[in-house]
Amino acid sequence: MPRTDEVLADPRLVEAVTRVGRPAVKAAVAAAQQRARAGEIAPEAVADTAVAALPARGSSLNPVVNATGVLLHTNLGRAPLSAAAVEAVVAAAGPTDVELDLTSGRRTGRGLGMVEALAAAVPDAEAVHVVNNGAAALVLAATALAMGREIVISRGELVEIGDGFRLPDLLTSTGATLREVGTTNRTALADYTAAVGPETGFVLKVHPSNFVVTGFTADVPIEELATLQAPVVADIGSGLLTPHPLLPDEPDAAGTLRAGADLVIASGDKLLGGPQCGIIAGRADLVHRLRRHPLARALRVGKLTIAALEATLRVPPTPTARALATGRAELRARAEALAATLRAQGVEAQAVDSEATVGGGGAPGVPIASAAVRLPESYAERLRHAPHPVMTRVTNGACLVDLLAVPPTADTRIVDAVTAC
Ligand SMILES: *Cc1c(COP(=O)(O)O)cnc(C)c1O
């Protein structure tokens, strides 16, 4: 049995220590030695086996192909970054001028280029601010504008956003009180009017981004809320900056501000197609109060997010926008080509039309025309275990490799993964 220090001296393992860390390398060597002792591999094969078993990188996060047909999958990190955003993140990884003006050598505001790009992308806003995520934006607004006061909100908009987190709990955790108005299915302007008074911090309108209520329903549009004697904060969720033709019921920042909202709040990693962050846009005096509140410092975004958001905004289209614009004909052609390639390798594969969704990021219940490669159901699990995992969807006893959220450049990864299993 080769000694541990001898195996660790293998140049490939010496190099791996700088890439994945010593404990991971030692664990791989120990596992290989164990296998040699058990007679599963030859003692001379210990180093090769350890090298083959090394993790790919220092982080345990694995890149996967999103072939689920859920465009913004929360469990898969929501929106994928554009190539321009990835390049910006890599460039910002070292020391950067995030709070420095290289011309004067003086300190500046943080991420001014990002703020400028966001302001240009939301021209209806007098000012903008960016925090860690949509939930942080809500917490900041509630703390700065309604601590010890009331947030007036419809009972139809007391939403659970996922993983057991509920907006009402989030809002009251700031010391604000909720003044619930209306009912689950119907709320009228008169309900708001009766509730708004000297105790009101703001009126909050929350977009139902992950559920649909149908039937005998009514809610109050922003235009009417804007007539109340209180600021109106609109949580639009998805981060659409302008209307999207495929998603007519999804509110957008421009339309919401023009309708009279004083502040709009949205996520950066949903339909905006950028990094995780929370966007706040609207009236200059309110944005300023939020930006200068002590809590803002605890919710600020890192330089990697600043870099990614600016590049996302300055270099359209995002992969998310591109996916939405693709159209079934093109997806179907790719599915046909993939299925033919796989059939030629003896895989039972067939191109089919499918219905994808936007997912946790918005547009609940809206089907998006897509296409998929249908494989036997057992492929779903095997593809998840492939060296480059492909996440699919199981429907009616079949594994669907849905192409909506798969960039065309990843089609070869699907072929490789299917072939490998
Ligand atoms: C997604 C969402 C949130 C939470 O935003 P995060 O960026 O996930 O923190 C809040 N409100 C609405 C309406 C949402 O859709």
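The values are calculated or read from the model by the stated rules, or taken from the named source; none is laboratory data. Note that the coordinates shown come from a computational prediction; the quantities given were computed from them, not determined experimentally. Virtual Cβ from ideal backbone geometry, glycine too; neighbours counted across all protein chains shown.
Ala329 falls short on exactly one of the conditions (1) in contact with a Lys or Arg (Cβ under 7 Å, 6 or more places away or on another chain); (2) small (Gly, Ala, Ser); (3) exposed (fewer than 15 other Cβ atoms within 10 Å of the Cβ), and that condition is (1). Taking Ala79, is it in a helix (DSSP H, G or I), over 12 Å from Ala311 (Cβ atoms) and not hydroxyl-bearing (Ser, Thr, Tyr)? Judged against the criteria, Ala79 is not a match.
Looking only at the stretch 59-71, decide whether some residue is within 16 Å of the ligand (Cβ to nearest atom) and not assigned by TED's automatic domain parsing to the domain that holds Val29. For the stretch 59-71, residues within 16 Å of the ligand (Cβ to nearest atom) and not assigned by TED's automatic domain parsing to the domain that holds Val29: present. A single entry from Val181, Val139, Val159, Val203 fulfils the requirement of being within 12 Å of the ligand (Cβ to nearest atom), touching a residue at least 24 places away in the same chain (Cβ under 8 Å), over 30 Å from Pro367 (Cα atoms) and in contact with a helix residue (DSSP H, G or I) (Cβ under 7 Å, 6 or more places away or on another chain): Val139. A single member of Leu313, Leu295, Leu304 is in a helix (DSSP H, G or I), hydrophobic (A, V, I, L, M, F, W, C) and surrounded by 20 or more Cβ atoms within 10 Å (Cβ to Cβ), and it is Leu313.
Counting only residues that are small (Gly, Ala, Ser), buried (at least 24 other Cβ atoms within 10 Å of the Cβ) and either within 16 Å of the chain's Cα centre (by Cα) or within 14 Å of the ligand (Cβ to nearest atom) (or both), the stretch 351-373 holds 3 of them. Checked across the stretch 216-227, the condition of being in contact with a helix residue (DSSP H, G or I) (Cβ under 7 Å, 6 or more places away or on another chain), free of Cβ contacts under 8 Å to residues at least 60 places away in the same chain and within 24 Å of Leu272 (Cβ to Cβ) holds for at least one residue. Restricting attention to the stretch 261-268, does a residue exist that is among the polar types (S, T, N, Q) and either in a helix (DSSP H, G or I) or within 25 Å of Met147 (Cα to Cα) (or both)? Among the residues of the stretch 261-268, at least one is among the polar types (S, T, N, Q) and either in a helix (DSSP H, G or I) or within 25 Å of Met147 (Cα to Cα) (or both), which makes the answer yes. Taken together, Glu87, Glu15 contain a single residue that is within 38 Å of the chain's Cα centre (by Cα), within 30 Å of Ala363 (Cβ to Cβ) and either assigned to a helix (DSSP H, G or I) or not acidic (Asp, Glu) (or both), which is Glu87. One residue stands out among those in the stretch 256-275 that are within 11 Å of the ligand (Cβ to nearest atom) and touching a Lys or Arg at 6+ places or on another chain (Cβ under 7 Å): the one that is nearest to Ala323 (Cα to Cα), which is Lys270.
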